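Engineer: Structure below; questions to follow.
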Amino acid sequence: MTDLDLLYSEVEEDLRSTVRDLLADRCPPAAVIAVYDGDRTLVDPLWQALAVDLGLAGLLVPEDRGGAGASAREAAVVLEELGRAAAPVPFLTSAVVATTVLLAAGSDLAATLTASLAAGERTAVLVVPFTAAPFTAASGAEAPGAEASGAEAPGARLAAVDVVGPHTLTGTVTTVAGALEADLLLVPAYRDGRVTLYAVDAALVDRRPVVSFDMTRQLADVHLLDVEATPVLDDPDDPGAAERAIRAGLTAGTALLASEQLGVASWCLDETVKYLRTRRQFGRVVGGFQALKHRLADLYAGVESAAAAARYAAAALASGDPDLAVATSVAAAFCGDLAVVAAEEAVQLHGGIGMTWEYPAHLYLKKAKADQIAFGTPGAHRALLASLVHLPGAPH
């Protein structure tokens, strides 16, 4: 393992402050709660402010392609703040996953599309199930490490769409995150025994919203029926190129989702401590009870550990560290479960108010539970991690 700096730089802290201030002004909890009632008027203007006004859509895009030329470290800071605010924006799906896929693709069309994403002119999504992980099977076949990882959920394949004509796609991909906000679909398709990548105008595709546990990142089923598409990466001379680009995007999404989960857990810890320091019961501050102090101490230790794991994954991604796969699975396995624990503790320790619709604790519990199965479950990542570090198998 190389020596990675996990501390936040001054630039990263300045970025955090800017994003937090904007979210405090533009993304109040009441507006996020309204998303669950079908009011999505918050989404577009908030994304416009983040993507264009702050330039976050092009955070990972090199300067010579119209972006900010930042790294995964800065993107991780943004995701921490988005997690703290439970913000309903497609930063992870568009500015991280889809953008990374296009950058890895390297074709002329990919460069053009990347520039439009960086400018905030378009929003893109990689059309795979939200459960698809970097080790997900391509199309029926076993992916590298899939057996060790405990296998993914049925249907979570890199390519569930077929090329049925020269540039025509047919197929259905379920539970795609970010598809409703996107106007550009990056569709992995199966052709002649290999995975290819196509660009599709979202206006031509039937996208059916799915009632999602986390409505701030609502899922949709994407149905393509003889849809015209433009090849982004379909090279018979390099049949693995598209699959590598797609896995690069999923790796980036997995590594940086941990930072969003850290943001969720941090909000839960901070707000719970604040509440218990002011709530009085039996003539004393509730936070003074020893049993609650122990629970908060355990939660604090867990959040600090999650911060180390999430920063390790972000730093490894930013530097191209050879231990990236290990760092990613460590973060996914630990932060996914910790965010759920933190949200559950927040609901319980807030007492009656924590159970109400008006108080935002439920937003964080729903986001934590939904994120827990995104890009591979913690259990699948633990199993994969065991093989990566050469741990012996569990006795039968």
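The rows are residues; the columns are (1) of a type outside the set (K, R); (2) more than 26 Å from A182 (Cβ to Cβ); (3) open to solvent by less than 40 Å² (accessible area, probe 1.4 Å).
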position	(1), (2), (3)
D5	yes, yes, no
Y8	yes, yes, no
D25	yes, no, no
D39	yes, no, no
L42	yes, no, yes
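Engineer: May I ask you to list the residues in segment 297-317 that are more than 14 Å from D3 (Cβ to Cβ) and either small (G, A, S) or not in a helix (DSSP H, G or I) (or both)?
Structural biologist: Within segment 297-317, A297, A301, G302, S305, A306, A307, A308, A309, A310, A313, A314 meet the criteria.
Engineer: Among the residues of segment 343-396, which ones are of a type in the set (A, V, I, L, M, F, W, C) and over 30 Å from A31 (Cβ atoms)?
Structural biologist: Selection gives A380, A383, L384, L385, A386, L388, V389, L391, A394.
Engineer: Let me ask something additional. Give me a count of the residues in segment 34-69 that are within 30 Å of T356 (Cβ to Cβ), of a type outside the set (F, W, Y) and in contact with a helix residue (DSSP H, G or I) (Cβ under 7 Å, 6 or more places away or on another chain).
Structural biologist: Selection size over segment 34-69: 5.
Engineer: Could you list, in sequence order, all residues of segment 342-375 that are polar (S, T, N, Q) and under 25 Å from F135 (Cα atoms)?
Structural biologist: Q372
Engineer: A further question follows. Here is a check on your reading of the model: is D226 on the phi > 0 side of the Ramachandran plot and either in contact with a strand residue (DSSP E or B) (Cβ under 6 Å, 6 or more places away or on another chain) or assigned to a helix (DSSP H, G or I) (or both)?
Structural biologist: So D226 fits the description; yes.
Engineer: Additional query: Test L185 against the stated conditions and say whether it is within 30 Å of A315 (Cα to Cα) and modelled with pLDDT of 95 or more.
Structural biologist: On the way: within 30 Å of A315 (Cα to Cα): yes; modelled with pLDDT of 95 or more: yes.
It is true that L185 is within 30 Å of A315 (Cα to Cα) and modelled with pLDDT of 95 or more.
Engineer: Still on this model: (1) outside any helix (DSSP H, G or I); (2) at pLDDT below 85: which one isn't true of P322, the others all being true?
Structural biologist: Unmet condition: (2).
Engineer: Let me ask you something else. Out of R311, R244, R277, I need the residue that is within 21 Å of the chain's Cα centre (by Cα) and surrounded by fewer than 16 Cβ atoms within 10 Å (Cβ to Cβ). Which one?
Structural biologist: After ruling out the rest, the residue left standing is R244.
Engineer: Answer yes or no as to whether G336 is more than 30 Å from G249 (Cβ to Cβ) and either open to solvent by 50 Å² or more (accessible area, probe 1.4 Å) or within 18 Å of the chain's Cα centre (by Cα) (or both).
Structural biologist: The answer is no for G336.
Engineer: Okay, moving on. Filter segment 96-129 down to the residues that are in a loop (DSSP other than H, G, I, E, B) and open to solvent by less than 20 Å² (accessible area, probe 1.4 Å) and list them by number.
Structural biologist: Once the filter is applied, which keeps residues that are in a loop (DSSP other than H, G, I, E, B) and open to solvent by less than 20 Å² (accessible area, probe 1.4 Å), segment 96-129 yields T123, V127, V128, P129.
Engineer: Of the conditions (1) open to solvent by 40 Å² or more (accessible area, probe 1.4 Å); (2) out of contact with any Leu (no Cβ under 8 Å at 6 or more places or on another chain); (3) within 23 Å of P134 (Cβ to Cβ), D214 fails just one. Which one is it?
Structural biologist: Of (1) open to solvent by 40 Å² or more (accessible area, probe 1.4 Å); (2) out of contact with any Leu (no Cβ under 8 Å at 6 or more places or on another chain); (3) within 23 Å of P134 (Cβ to Cβ), only one is false for D214: (1).
Engineer: Also: Criterion first (touching an Asp or Glu at 6+ places or on another chain (Cβ under 8 Å), of a type outside the set (S, T, Y) and over 18 Å from P378 (Cβ atoms)) does R295 satisfy it?
Structural biologist: Yes; evaluated as a whole, the condition is true for this residue.
Engineer: Only one of these is without any contact (Cβ under 8 Å) to a residue 12 or more places away in the chain, of a type in the set (D, E) and open to solvent by 40 Å² or more (accessible area, probe 1.4 Å): D226, D238. Name it.
Structural biologist: Unique residue meeting the criteria: D238.
Engineer: Here's something else I'd like to know. Could you list all residues from segment 1-40 that are of a type in the set (V, I, T) and within 22 Å of V210 (Cα to Cα)?
Structural biologist: Correct list: V32, I33, V35.
The values are calculated or read from the model by the stated rules, or taken from the named source; none is laboratory data. Everything quoted here is computed from the prediction, not taken from an experiment. Glycine gets a Cβ as well: all are built from the backbone with ideal geometry, and neighbour counts include every protein chain shown. The accessibility values were calculated without ligands, DNA or RNA, using every heavy atom of the protein model including side chains. Shrake-Rupley method; radii C 1.70, N 1.55, O 1.52, S 1.80 Å.
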